Amino acid sequence: ETGVTQTPRHLVMGMTNKKSLKCEQHLGHNAMYWYKQSAKKPLELMFVYNFKEQTENNSVPSRFSPECPNSSHLFLHLHTLQPEDSALYLCASSQDPTVSEKLFFGSGTQLSVL
Amino acid sequence: RKEVEQDPGPFNVPEGATVAFNCTYSNSASQSFFWYRQDCRKEPKLLMSVYSSGNEDGRFTAQLNRASQYISLLIRDSKLSDSATYLCVVSTNAGKSTFGDGTTLTVKP
């Protein structure tokens with residue numbers, strides 16, 4: 001399935017590096033999300049964008065900086081990360097975030113911070 | 001208390017077995033309920049939505065009890081390919097989804 005695509009699939013970075021995760025959805029959805037999944041923890045919502053406007057920031061540290069230039073693209077800019085930030089970062093989309101709908105996920109970026 | 005609590009598992013069952021997963025939620029304002037399946041190192045994928053009237057999709061049956069704030073998933077005639085982690089997801093009418101920790105199922109030959 002190519003409804004929601006994420007790149008890169010894997011990323012290893014040092015604590016002083018700056019990198020970006022990219023997400024693109026081809027489903028014509030209006031909402032996009034970033035989730036974090038750490039080992040043995042449930043998915044944690046990080047950010048929500050509705051019609052490219054940020055509608056939720058779930059107390060995420062400023063070293064994670066999202067960008068949504070349009071309804072189809074979402075980025076997560078990373079800088080000065082910590083080893084505990086190592087996790088699977090999942091992008092998702094849905095038609096309308098104000099309605100409780102199913103989410104379509106990308107395959108995720110497995111991030112390791114050294 | 002967690003907003004969404006699932007059976008801790010893991011569940012190890014033989015092929016052909018029937019297995020049931022339970023999930024409870026604390027937010028009485030929750031509006032929509034889902035079961036997702038997540039394979040190892042892969043993204044979650046929607047398995048089925050859960051309705052008050054209960055719904056069935058082949059070997060899978062989902063039930064919702066709003067009064068008890070309880071959701072269940074029943075898998076009949078388990079297949080090896082059913083091995084995965086099953087995630088209970090609860091959403092408010094603001095579209096905010098909360099995921100449970102997941103219950104891992106291993107179906108053995």
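Among the criteria (1) under 13 Å from residue A:87 (Cα atoms); (2) surrounded by fewer than 13 Cβ atoms within 10 Å (Cβ to Cβ); (3) more than 12 Å from chain B (Cβ to nearest Cβ), the one residue A:10 does not fulfil is (3).
For region A:94-112, residues that are closer than 14 Å to residue A:23 by Cβ, out of contact with any Ser or Thr (no Cβ under 7 Å at 6 or more places or on another chain) and at pLDDT 95 or above total 4.
Highlighted here are the strands (runs of 3 or more DSSP E) found entirely within chain B that include at least 3 residues which are within 14 Å of chain A (Cβ to nearest Cβ) and aliphatic (A, V, I, L, M): B:44-50, B:84-91.
Yes or no, residue by residue, for (1) surrounded by fewer than 19 Cβ atoms within 10 Å (Cβ to Cβ); (2) more than 14 Å from every other protein chain (Cβ to nearest Cβ); (3) of a type outside the set (Gly, Ala, Ser):
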| position | (1), (2), (3) |
| --- | --- |
| A:64 | no, yes, yes |
| A:68 | no, yes, yes |
| A:80 | yes, yes, yes |
| A:89 | no, no, yes |
| A:93 | no, no, no |
| A:97 | no, no, yes |
| A:108 | no, no, no |
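The values are calculated or read from the model by the stated rules, or taken from the named source; none is laboratory data. As the structure is a prediction and not an experimental result, all values here were calculated from the model. Methodologically, a virtual Cβ is constructed for each residue, glycine included, from the backbone with ideal geometry; neighbour enumeration extends over all protein chains shown.
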